[in-house]
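Single-structure report; data block below.
The values are calculated or read from the model by the stated rules, or taken from the named source; none is laboratory data. As the structure is a computational prediction, the values presented were derived from the model and not from experiment. Note that each Cβ is placed from the backbone with ideal geometry, even for glycine, and that neighbours are counted across all protein chains shown.
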Amino acid sequence: MTPREGEEAEEYVEIEGEGAEEAVGVEEFAQGEGFTGVEELTVCDPGGGPYAIAAGPDGALWFTLVHSGRIGRLVPGEEPRSHRLDPDSGPTVLCAGPDGALWFTQYKAHRIGRITVAGEVTGFAPPTAECGPFGIAAGPDGALWFTETAADRIGRLGTDGTFTEYPLPVTGAFPSAIAAAGDAMWFTLNQADALGRIGMDGAVTVHELPTEGAAPVGIAVGPDGGVWWTEIGAGQIGRLAPGGRITAYPLPDRSARPHAITTDAAGAAWFTEWGGNRLGRITPEGAVTHYALPTPAAEPHGIAIGPDGAVWAALEIGALARLGRAGTGA
């Protein structure tokens, strides 16, 4: 692991409703917070394509194999297992559902899947054909909410199999990742350089981002209610504070292409750098730490905090990366 040290970038702060902008320093520090090095665990053939990862209710890590059409399961210290789907279905993003199962999108098959911890799989077809479902997350209403990249819609799927779809007020926006925040869902609009919010009543609002070409993808919500997202096109991490202020933190490597993001209990956000071959951590104050992956061109995508307290990431080369905290067993 060789974190980058001594570089400075600028943080541009946009005050919502005022249009004010100020520049402040962003610090990158080395090997902070007591984390150990990154280890990689092979979970499939190189062509399998681990893409998204989530902690399951059974103490395991669950992940999608986007190229081989499988759902994988790994209990730390045990051998990985996987469950077969249609090999051309393109399982993409997954999440733990309110019913004790894992739910996932099938981008190529245009379906939503459900898998129990015992490996039983069922599928559901949204009303809009060829909708390209991508992001999925459990909502505060006990349903699953997902994005329809090709249809400019947000979908809702009850655990009873009932669908509702909500059109967005923008076209060609490519709604991508989605996350729950309080009594609403927030999602990225990759091609519109914007975030969206949808209430449980279906009311949608769109918030334009300050940076043109930001191309937001991943999104997550911290314990304080702050919303974090990645800007893959701008090489930045964005944050919407509970008070409404938007902050964009440029990364030291603007070509890093940050992709997925998650948050920990301490309020920091963790993200993958698909182009930089690193994992990153950023605090609400803007301090960034990088952790290089052992294998070059590992193509990190999804990221999650595991049941063991470690940070886990899905590497498209056929592995999962694990970053533990020193002295805790994680």
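Of everything in region 276-300, what is touching a residue at least 60 places away in the same chain (Cβ under 8 Å), farther than 20 Å from residue 63 by Cα and not in a strand (DSSP E or B)? Give them in sequence order.
284, 286, 287, 294
Return yes when residue 171 is surrounded by fewer than 21 Cβ atoms within 10 Å (Cβ to Cβ), among the hydroxyl-bearing types (Ser, Thr, Tyr), in contact with a Lys or Arg (Cβ under 7 Å, 6 or more places away or on another chain) and modelled with pLDDT of 95 or more and no when it is not.
In short, no.
Quick one: which of 203, 143, 125, 129 is out of contact with any Asp or Glu (no Cβ under 8 Å at 6 or more places or on another chain), farther than 26 Å from residue 258 by Cα, free of Cβ contacts under 8 Å to residues at least 12 places away in the same chain and of a type in the set (Gly, Ala, Ser)?
Result of the check over 203, 143, 125, 129: 203.
So for region 74-94 (the condition being surrounded by 15 or more Cβ atoms within 10 Å (Cβ to Cβ), within 16 Å of the chain's Cα centre (by Cα), of a type in the set (Gly, Ala, Ser) and not in a strand (DSSP E or B)), does at least one residue qualify?
Checked against the condition, which is being surrounded by 15 or more Cβ atoms within 10 Å (Cβ to Cβ), within 16 Å of the chain's Cα centre (by Cα), of a type in the set (Gly, Ala, Ser) and not in a strand (DSSP E or B), region 74-94 yields no hits at all.
Would you check which residues across region 51-68 are farther than 21 Å from residue 263 by Cβ and either out of contact with any Gly (no Cβ under 7 Å at 6 or more places or on another chain) or part of a strand (DSSP E or B) (or both) and list them?
Correct list: 58, 65.
Report, by residue number, each residue of region 241-267 that is in a strand (DSSP E or B), among the aliphatic types (A, V, I, L, M) and more than 16 Å from the chain's Cα centre (by Cα).
Residues satisfying the conditions are 246, 248.
Could you list, ordered by first residue, the pairs with Cβ atoms under 6 Å in which the first is in region 102-118 and under 17 Å from residue 73 (Cα atoms) and the second is among the polar types (S, T, N, Q) and surrounded by fewer than 20 Cβ atoms within 10 Å (Cβ to Cβ), at least 6 apart or interchain?
From residues that are under 17 Å from residue 73 (Cα atoms), the pairs are 114/122.
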